[in-house]
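These notes are about the structure you will find just below.
The values are calculated or read from the model by the stated rules, or taken from the named source; none is laboratory data. What you see is a predicted model, and the numbers here were worked out from it, not measured in a lab. Don't worry about glycine lacking a Cβ; one is built from the backbone with ideal geometry, like all the others, and counts go over all protein chains shown.
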Amino acid sequence: MRNRIQIKDVVVGVASGAALLFAVSDVSAQGFHRGRSGAVHAQGGVTTGSVKGVRGAAGNGAVRASGATTDGEGNASGGRAAAVRGPGGVAGARGGTWSRSADGTVAHESGAALAGSNGTVTAQGAVSKDAGGGYAASRNTTATASSGAMYEGSTSASNGQIEHTGTCRDAEGSEVSCR
């Protein structure tokens, strides 16, 4: 799927741009910006995109971008990315892509990360449906406290079967009960 790869590249580029936006330390710059674009292709498809950003005092702010494209034959793909930076160094980002094929195949992938003085969280997930209606989904999550204690979990589902595993560790790395 060529369109999906292009949109994913755009989303990654926007997320990278957001990181650069927040790296600038001009605390007096504040404001809101947004833009949209769209195009109709000769073969009948369309491409759209938008970006929004806000910047507050002390460098806090957020940016969000999304885009989608169709080919006029029933295939579509798109993506979205967002990043935020708040007080005390809290920062987070999320990105995802999706696609739908004319034969009914659907796919979605996403990931997110959050970091602050209390620790970090990362999560990645995916879901897909084939043309026959079969599906599969998964989600992996890792959370680490500033103390070093952590949780790692994984959930998967496929055609009615669900499986979950989770492990908790204390600050020394020893496995402990998840409460």
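The number of residues in region 44-69 being in a strand (DSSP E or B) and within 24 Å of residue 88 (Cα to Cα) comes to 8.
Taken over region 70-122, the residue count meeting the criterion of being under 30 Å from residue 56 (Cβ atoms) and either outside any loop (DSSP other than H, G, I, E, B) or under 10 Å from the mean Cα position of the chain (by Cα) (or both) is 29. Residues that are of a type outside the set (Asp, Glu), in contact with a strand residue (DSSP E or B) (Cβ under 7 Å, 6 or more places away or on another chain) and at positive phi are absent from region 129-152 altogether.
Scanning region 138-148 for residues that are surrounded by 11 or more Cβ atoms within 10 Å (Cβ to Cβ) and touching a residue at least 24 places away in the same chain (Cβ under 8 Å) yields 143, 144, 145, 146, 148.
Could you list, in sequence order, the residues of region 75-130 that are within 23 Å of residue 32 (Cβ to Cβ) and not aliphatic (A, V, I, L, M)? Within region 75-130, 79, 80, 85, 86, 87, 88, 89, 92, 94, 95 meet the criteria. Among the candidates 123, 113, 93, the residue that is in contact (Cβ under 8 Å) with a residue 40 or more places away in the chain and at negative phi is uniquely 93.
Report, by residue number, each residue of region 124-157 that is of a type in the set (Gly, Ala, Ser), touching a Lys or Arg at 6+ places or on another chain (Cβ under 9 Å) and farther than 23 Å from residue 100 by Cβ. Across region 124-157, the qualifying residues are 148, 149, 153, 154. Would you be able to say whether some residue in region 51-69 is under 27 Å from residue 128 (Cα atoms), touching a residue at least 60 places away in the same chain (Cβ under 8 Å) and of a type in the set (Val, Ile, Thr)? Yes. Of all residues in region 85-119, which are at pLDDT below 95 and β-branched (Val, Ile, Thr)? Correct list: 90 only. With respect to (1) surrounded by fewer than 12 Cβ atoms within 10 Å (Cβ to Cβ); (2) modelled with pLDDT of 80 or more; (3) of a type outside the set (A, V, I, L, M); (4) in a strand (DSSP E or B), the lone exception for residue 32 is condition (2). Here residue 163 qualifies as part of a strand (DSSP E or B), of a type in the set (Asp, Glu) and free of Cβ contacts under 8 Å to residues at least 60 places away in the same chain.
So that you can scan it fast, the table gives a plain yes or no per residue for (1) of a type in the set (Ser, Thr, Tyr); (2) more than 30 Å from residue 173 (Cβ to Cβ); (3) surrounded by 15 or more Cβ atoms within 10 Å (Cβ to Cβ):
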{"site": "37", "(1), (2), (3)": "yes, yes, no"}
{"site": "41", "(1), (2), (3)": "no, yes, no"}
{"site": "60", "(1), (2), (3)": "no, yes, yes"}
{"site": "103", "(1), (2), (3)": "no, yes, no"}
{"site": "123", "(1), (2), (3)": "no, no, yes"}
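For residues in region 87-101 being aliphatic (A, V, I, L, M) and surrounded by 15 or more Cβ atoms within 10 Å (Cβ to Cβ), which is nearest to residue 72 (Cα to Cα)? Checking each candidate, the answer is 93.
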